[in-house]
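Enquirer: Below is one structure. I have some questions about it.
The values are calculated or read from the model by the stated rules, or taken from the named source; none is laboratory data. It should be emphasised that the depicted structure is a prediction, and the values quoted were computed from it without experimental measurement. So basically every Cβ, Gly included, is an ideal-geometry build from the backbone, and we count neighbours across all protein chains shown.
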Amino acid sequence: MRKYLNAICLMALLTSFAVHISGCLESSERGSDADDGGVGAHLESTSVVITTSGPKPAIPAKPQIPAGVSFAVVSRVIDGDTVELANGRRVRYIGIDTPERGKPYCEEASSRNRRLVEGKRVKLVKDVSETDKYGRLLRYVYVGSTFVNAALVRDGYAMAYTYPPDVKYADYFVWLQGQARTANRGLWGSETVAPTRGSPGEYPYVASKKRDPFHSSDCRWAKETSASNLQRFRTREQAIAAGHRPCKVCDP
């Protein structure tokens, strides 16, 4: 009987000890959960907000068109160096001259100008003068990156024509003309390379097709040149580019 009671007491003691250990473990787990829950709750309740505050980028200002520059559409080509715009104004190309109507190479020059600009939007650039005596705008003309005035001279459809004060590209045009003449391009490959008719006021320099010198229109040597051999030039540069040298008598 005594052994039986001792066994019961031992079992009770072991059971009590087991219950105590289990309670401690549960308490520890609950404490751990509470600690973790605190950190997790803090993270869950904290949100990160990314803002784009700060100065906004400035909108670029609209480019300003330089003074003396404008844009227009060419509605019609009059000839090799004159066009009519959509607004009705006419533009005379600065620094060049193409054969007039009825003169050799007039149609070719007009056709080339037509292919370059007709129906297209062009940039018009002023030199010094606004208009000529006929009321036409005096301008350098561009289609995209093509400098139309220069292209006509370079390809032999026009001659350099220097008329002060609009002389910004005069030397360049004379140089292009020399290149075209050397290569016999366009009108330089034809028999007539300059107007042969016109008033002395329009063409103050003359030369014979058979002789080197060129003269002022009132020079005695000019008056002795037959009409069939006479060439007239608007400028000294045209005469020189055509291969003539100044007369030593009149010194034009």
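Enquirer: For the range 148-164, which positions are modelled with pLDDT of 90 or more and either assigned to a loop (DSSP other than H, G, I, E, B) or not assigned by TED's automatic domain parsing to the domain that holds Val83 (or both)?
Expert: Asp155, Gly156, Tyr157, Ala158
Enquirer: Could you pull out the residue among Ser110, Ser75, Ser129, Ser70 that is assigned to a loop (DSSP other than H, G, I, E, B) and among the polar types (S, T, N, Q)? Full working, then the answer.
Expert: Working: Ser110 fails: assigned to a loop (DSSP other than H, G, I, E, B); Ser75 fails: assigned to a loop (DSSP other than H, G, I, E, B); Ser70 fails: assigned to a loop (DSSP other than H, G, I, E, B).
Exactly one of Ser110, Ser75, Ser129, Ser70 is assigned to a loop (DSSP other than H, G, I, E, B) and among the polar types (S, T, N, Q), namely Ser129.
Enquirer: Another question about this same structure. Suppose the filter is modelled with pLDDT of 75 or more, outside any loop (DSSP other than H, G, I, E, B) and surrounded by fewer than 21 Cβ atoms within 10 Å (Cβ to Cβ); does Gln179 pass it?
Expert: Numbers: modelled with pLDDT of 75 or more: yes; outside any loop (DSSP other than H, G, I, E, B): yes; surrounded by fewer than 21 Cβ atoms within 10 Å (Cβ to Cβ): yes.
The answer is yes for Gln179.
Enquirer: Hey, another quick one. Under the condition of being in a loop (DSSP other than H, G, I, E, B) and charged (D, E, K, R), which residue from the range 132-146 is nearest to Arg89 (Cα to Cα)?
Expert: Quick first cut of the range 132-146, residues in a loop (DSSP other than H, G, I, E, B) only: 132-136, 144-145.
In the following step, the residues that additionally are charged (D, E, K, R) were identified as 132-133, 136.
On the way: Asp132: 12, Lys133: 14, Arg136: 7 Å.
If we take residues in the range 132-146 being in a loop (DSSP other than H, G, I, E, B) and charged (D, E, K, R), then Arg136 is nearest to Arg89 (Cα to Cα).
Enquirer: Shifting gears a bit: Looking only at the range 75-133, which residues are touching a Pro at 6+ places or on another chain (Cβ under 8 Å) and among the polar types (S, T, N, Q)?
Expert: Listed by number, the list holds a single entry, Ser129.
Enquirer: Residue pairs, Cβ under 7 Å, 6 or more apart or interchain, first in the range 167-181 and not assigned by TED's automatic domain parsing to the domain that holds Ile240, second of a type in the set (Gly, Ala, Ser) and in a loop (DSSP other than H, G, I, E, B). List them.
Expert: Every condition considered, the pairs that remain are Tyr169/Gly95; Ala170/Gly95; Phe173/Gly95; Ala180/Gly156.
Enquirer: Just checking, how many residues over the range 136-184 are over 17 Å from Ala109 (Cα atoms) and of a type in the set (Asp, Glu)?
Expert: Total satisfying the criteria: 2.
Enquirer: May I pose another question? Could you identify the single residue in Arg76, Arg92, Arg101 that is modelled with pLDDT of 95 or more, among the charged types (D, E, K, R) and under 24 Å from Gln231 (Cβ atoms)?
Expert: So the residue among Arg76, Arg92, Arg101 that is modelled with pLDDT of 95 or more, among the charged types (D, E, K, R) and under 24 Å from Gln231 (Cβ atoms) is Arg92.
Enquirer: Could you tell me whether Val167 is at pLDDT below 95 and within 24 Å of the chain's Cα centre (by Cα)?
Expert: In short, yes.
Enquirer: Moving to a separate point now. Those residues that are among the basic types (Lys, Arg), more than 19 Å from Tyr163 (Cα to Cα) and at pLDDT 75 or above, I need them from the range 223-247; list them, please.
Expert: Passing the criteria: only Arg245.
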